[in-house]
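The values are calculated or read from the model by the stated rules, or taken from the named source; none is laboratory data. This is a predicted model, so every value here is computed, not measured. All Cβ positions, glycine included, derive from the backbone under ideal geometry; neighbour counts span all protein chains shown.
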Ligand code: NAD
Ligand code: UD1
């Protein structure tokens, strides 16, 4: 299949490109490189021994998108492109709504004009907001607590409405929990700009000596050791979820929504301990106050994706830690 991957130079996109190329798909990447480097795509090609086509295009640039769809017969779109920093979205809501929501709407318009109606979309567990119960299934209430999360929920709504109005649309909404780790080759991985917000890249940068210690946000949650629980899922499992979703849309068209997680939660201290074991490095940490907007516990009910797609996460926390460390130790400054 000829697949357009928006945001394909980014963290999850680049790992999904590997999976797509290894499965024999033809891959076209569109990315404006606002949060990534083209180097990731060079490495994807090195890793797979296969070529992909890259266009540096902003999704908001309608004319360039039309030109692309006019010249290449795209069959399906995997749509990763978006801004993803929760804190930044609170300060720059218009930027987030414009980039994420308007960008998706423009993409959908151009797709429809070219009769391309299959899309896999990167949603997020953040659409659930503070969960009432765990594990979280796909029918849990949707109440995101920040502009980033609300942009994801708005896009989900737009895409569902699109299908309601025009049954040619086939859409998979994938709600990722906490994607972590890297390709085991150590060639591609997560390369955040500036000081990382998320736990895994923060830990790996402490381990490599770029940051002095981890701050753990709260040890007074109602969990076994008081630190927050999350459902960490290996990025290669996440990538495989996308090819599974495409297969499902080809067999049974419609709109589907799936959680992508392992179904198992780990506390921050459990992650630190697993990482120390995998890397052989000590992670110095201090306990600080809770981070605004954080919930005590979040992990997925994965029964739907398991029963409908046969997808289950295959890699556990030790592999996530080992692969994250392998990437960071081989690329201390990420892509240069
Ligand atoms: P990332 O920032 O590494 O990748 C996103 C890519 O999109 C980047 O390469 C960026 O340059 C590109 N991009 C952004 N706006 C664009 C635009 N207007 N036009 C063209 N390209 C644009 O992020 P990621 O971690 O790979 O996440 C991919 C998707 O998954 C995002 O939509 C994100 O919101 C979603 N998601 C990520 C996580 C996570 O923990 N990483 C969790 C849930 C959902
Ligand atoms: C965060 C975002 C979420 C987004 C996801 C992926 C918030 C409130 N949530 O999820 O919307 O989809 O990232 O980008 O920002 N922790 C520390 N110290 C750190 C970093 C994190 O103790 O330096 C803790 C957190 O309190 C949490 C856990 O580690 O308990 C995981 O945090 P993180 O990796 O940021 O992911 P989420 O908060 O789940």
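Would you mind stating whether residue 113 is touching a residue at least 40 places away in the same chain (Cβ under 8 Å), in contact with a helix residue (DSSP H, G or I) (Cβ under 8 Å, 6 or more places away or on another chain) and under 21 Å from residue 238 (Cα atoms)? Please lay out each step first, then the result.
Details: touching a residue at least 40 places away in the same chain (Cβ under 8 Å): yes; in contact with a helix residue (DSSP H, G or I) (Cβ under 8 Å, 6 or more places away or on another chain): yes; under 21 Å from residue 238 (Cα atoms): no.
Criteria not met by residue 113.
Do we find that residue 159 is within 16 Å of ligand 1 (Cβ to nearest atom), crowded, with 20+ Cβ neighbours inside 10 Å and over 17 Å from the mean Cα position of the chain (by Cα) in this structure? Walk me through it before giving the result.
Numbers: within 16 Å of ligand 1 (Cβ to nearest atom): yes; crowded, with 20+ Cβ neighbours inside 10 Å: yes; over 17 Å from the mean Cα position of the chain (by Cα): yes.
It is true that residue 159 is within 16 Å of ligand 1 (Cβ to nearest atom), crowded, with 20+ Cβ neighbours inside 10 Å and over 17 Å from the mean Cα position of the chain (by Cα).
(1) within 16 Å of ligand 1 (Cβ to nearest atom); (2) more than 22 Å from residue 267 (Cβ to Cβ); (3) without any contact (Cβ under 8 Å) to a residue 40 or more places away in the chain: which one isn't true of residue 187, the others all being true?
(3) is the only condition that residue 187 fails.
List the pairs whose first member sits in segment 289-318 and is more than 19 Å from residue 124 (Cα to Cα), whose second member is loosely packed, with under 14 Cβ neighbours inside 10 Å, and whose Cβ atoms are under 8 Å apart, counting only residues at least 6 apart or on separate chains?
Pairs found: 290/220; 318/277.
Having 3 or more residues that are touching a helix residue (DSSP H, G or I) at 6+ places or on another chain (Cβ under 9 Å), surrounded by 15 or more Cβ atoms within 10 Å (Cβ to Cβ) and at pLDDT 95 or above is the bar; report the strands (runs of 3 or more DSSP E) wholly within segment 1-79 that clear it. Outline the logic, then answer.
Details: elements: 2-6, 26-31, 53-56, 76-79.
Ranges flagged: 2-6, 26-31, 76-79.
Please state which of the following conditions residue 140 fails to meet, knowing it meets all the rest: (1) within 13 Å of ligand 2 (Cβ to nearest atom); (2) under 20 Å from residue 298 (Cβ atoms).
Among (1) within 13 Å of ligand 2 (Cβ to nearest atom); (2) under 20 Å from residue 298 (Cβ atoms), residue 140 violates only (1).
Look at residue 293 and say whether it is under 22 Å from the mean Cα position of the chain (by Cα) and over 15 Å from residue 320 (Cβ atoms).
Values: under 22 Å from the mean Cα position of the chain (by Cα): yes; over 15 Å from residue 320 (Cβ atoms): yes.
Yes: the conditions hold for residue 293.
Under the condition of being assigned to a loop (DSSP other than H, G, I, E, B) and in contact with a strand residue (DSSP E or B) (Cβ under 7 Å, 6 or more places away or on another chain), which residue from segment 177-190 is farthest from ligand 2 (Cβ to nearest atom)? Lay out the reasoning, then the answer.
The initial filter retains those residues of segment 177-190 that are assigned to a loop (DSSP other than H, G, I, E, B), namely 177, 181-190.
Among the residues that remain, those that are also in contact with a strand residue (DSSP E or B) (Cβ under 7 Å, 6 or more places away or on another chain) are: 177, 181.
Working: 177: 8, 181: 13 Å.
Checking each candidate, the answer is 181.
Filter segment 86-96 down to the residues that are modelled with pLDDT of 95 or more, within 16 Å of ligand 2 (Cβ to nearest atom) and surrounded by fewer than 18 Cβ atoms within 10 Å (Cβ to Cβ), then identify the one that is nearest to residue 115 (Cα to Cα).
93
Pull out all pairs, ordered by first then second residue, where Cβ-Cβ is under 6 Å, the residues are six or more apart or on different chains, the first lies in segment 81-95 and is in contact (Cβ under 8 Å) with a residue 12 or more places away in the chain, and the second is within 10 Å of ligand 2 (Cβ to nearest atom) and assigned to a helix (DSSP H, G or I).
86/148; 89/148
Quickly run through segment 13-41 and pick out the residues that are free of Cβ contacts under 8 Å to residues at least 40 places away in the same chain and within 14 Å of ligand 1 (Cβ to nearest atom).
17, 29, 33, 38, 41
Out of contact with any strand residue (DSSP E or B) (no Cβ under 7 Å at 6 or more places or on another chain) and surrounded by fewer than 21 Cβ atoms within 10 Å (Cβ to Cβ), is that true of residue 312? Don't jump to the end; show me each part of the working.
Numbers: out of contact with any strand residue (DSSP E or B) (no Cβ under 7 Å at 6 or more places or on another chain): yes; surrounded by fewer than 21 Cβ atoms within 10 Å (Cβ to Cβ): yes.
Judged against the criteria, residue 312 is a match.
Out of all the residues in segment 101-120, which are over 18 Å from residue 58 (Cβ atoms) and crowded, with 23+ Cβ neighbours inside 10 Å?
Of everything in segment 101-120, those that are over 18 Å from residue 58 (Cβ atoms) and crowded, with 23+ Cβ neighbours inside 10 Å turn out to be 119, 120.
For every residue, the table says whether it meets (1) farther than 23 Å from residue 5 by Cβ; (2) part of a helix (DSSP H, G or I); (3) more than 18 Å from the chain's Cα centre (by Cα).
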residue: 90; (1), (2), (3): yes, yes, yes
residue: 100; (1), (2), (3): no, yes, no
residue: 104; (1), (2), (3): no, yes, no
residue: 108; (1), (2), (3): no, yes, yes
residue: 111; (1), (2), (3): no, yes, yes
residue: 116; (1), (2), (3): no, no, yes
residue: 122; (1), (2), (3): no, no, no
residue: 145; (1), (2), (3): yes, no, yes
residue: 152; (1), (2), (3): no, yes, no
